[in-house]
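*Asks:* Sharing a structure, written as structure tokens. Questions coming.
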Amino acid sequence: MVAMVSFCAAGTVQAQTGQIRCSITENGGPARGTIVVERNGREVGGGSCGAALSVPVGKCKVTVRLDGTLDNPAKSVRVEVTAEKVTPVSVDFQTGVLEVRIETKGQRGTGIVTVNRGSTRIGTLGSGVAARLSAGSYEVVVRLAGQERRYSVDLRPGQRRLVRAQF
């Protein structure tokens with residue numbers, strides 16, 4: 001009977017844990033995002049940045065994603081979590097705003113706007129819809145009634161760019 005009690009007690013022993021507290025900024029100002037913690041290629045925790053997240057002690061990879069951006073940027077850092085301590089992880093994303101307006105014969109038009117980075121399609125926009133994107137270089141392809149216009153756009157941190165596509 002004593003052996004059984006010892007066995008049950010040993011079965012409830014939990015691994016040591018620590019905490020990670022993520023803070024995220026966008027162009028230096030407060031921002032919202034999510035965190036995923038992996039250890040040995042396996043997810044051991046995740047949630048919203050700002051709240052303390054309990055995870056097993058040891059070395060891990062922390063990936064932080066910025067909310068509300070068209071390109072869904074992520075940054076990863078490696079940290080070591082120690083027992084009963086809070087490990088801070090701070091990440092800053094550099095973004096700008098891109099808006100494309102389609103005009104035909106002096107009037108606003110509707111068409112398809114595709115945003116590419118290199119050979120990767122980032123997403124699509126509607127005419128007059130502003131989107132937050134990571135700072136960098138993009139190709140904007142605008143299609144209207146079988147016609148196409150291409151624009152190269154360099155977006156700097158904090159910048160707001162307006163592309164007028166005239167057909």
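The values are calculated or read from the model by the stated rules, or taken from the named source; none is laboratory data. Since this is a predicted model, take the numbers as computed values, not measurements. Because the Cβ atoms are built from the backbone with ideal geometry, glycine has one as well, and the counts that use them run over all protein chains shown.
*Asks:* Go through A135, A131, A74 for me and flag whichever is under 30 Å from V55 (Cβ atoms) and surrounded by 13 or more Cβ atoms within 10 Å (Cβ to Cβ).
*Replies:* On inspection, the qualifying residue turns out to be A74.
*Asks:* Can you go through V153, V140, V113 and tell me which one is touching a strand residue (DSSP E or B) at 6+ places or on another chain (Cβ under 6 Å), over 25 Å from N27 (Cα atoms), of a type outside the set (D, E, K, R) and in contact (Cβ under 8 Å) with a residue 40 or more places away in the chain?
*Replies:* V113
*Asks:* Filter region 86-109 down to the residues that are surrounded by fewer than 12 Cβ atoms within 10 Å (Cβ to Cβ) and part of a loop (DSSP other than H, G, I, E, B) and list them by number.
*Replies:* Matches in region 86-109: K105, G106.
*Asks:* Quick check on V115: is it buried (at least 16 other Cβ atoms within 10 Å of the Cβ), among the aliphatic types (A, V, I, L, M) and touching a Pro at 6+ places or on another chain (Cβ under 9 Å)?
*Replies:* no
*Asks:* What is the one condition in (1) over 24 Å from D154 (Cβ atoms); (2) at pLDDT 95 or above; (3) of a type in the set (G, A, S) that G50 does not satisfy?
*Replies:* (2)
*Asks:* Follow-up question, since we're still on this one. Looking at region 120-158 only, could you name the residues that are assigned to a strand (DSSP E or B), of a type in the set (A, V, I, L, M) and under 27 Å from R65 (Cβ atoms)?
*Replies:* Residues satisfying the conditions are I122, L125, A130, A131, L133, V140, V141, V153, L155.
*Asks:* While we're on this one: Look through R121, R108 and report the one residue that is free of Cβ contacts under 8 Å to residues at least 24 places away in the same chain, farther than 12 Å from Y138 by Cα and assigned by TED's automatic domain parsing to the domain that holds R149.
*Replies:* R108
*Asks:* Of the residues R161, R156, which is at pLDDT 95 or above, closer than 25 Å to R32 by Cβ, surrounded by fewer than 15 Cβ atoms within 10 Å (Cβ to Cβ) and of a type in the set (K, R)?
*Replies:* Result: R156 is the single residue among R161, R156 that is at pLDDT 95 or above, closer than 25 Å to R32 by Cβ, surrounded by fewer than 15 Cβ atoms within 10 Å (Cβ to Cβ) and of a type in the set (K, R).
Residues are listed down the side, and each one gets a yes or a no for (1) assigned by TED's automatic domain parsing to the domain that holds V153; (2) within 13 Å of the chain's Cα centre (by Cα); (3) modelled with pLDDT under 95:
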| residue | (1), (2), (3) |
| --- | --- |
| M4 | no, no, yes |
| F7 | no, no, yes |
| A31 | no, yes, no |
| E38 | no, no, no |
| G46 | no, no, no |
| K61 | no, no, no |
| L70 | no, yes, no |
| S76 | no, yes, no |
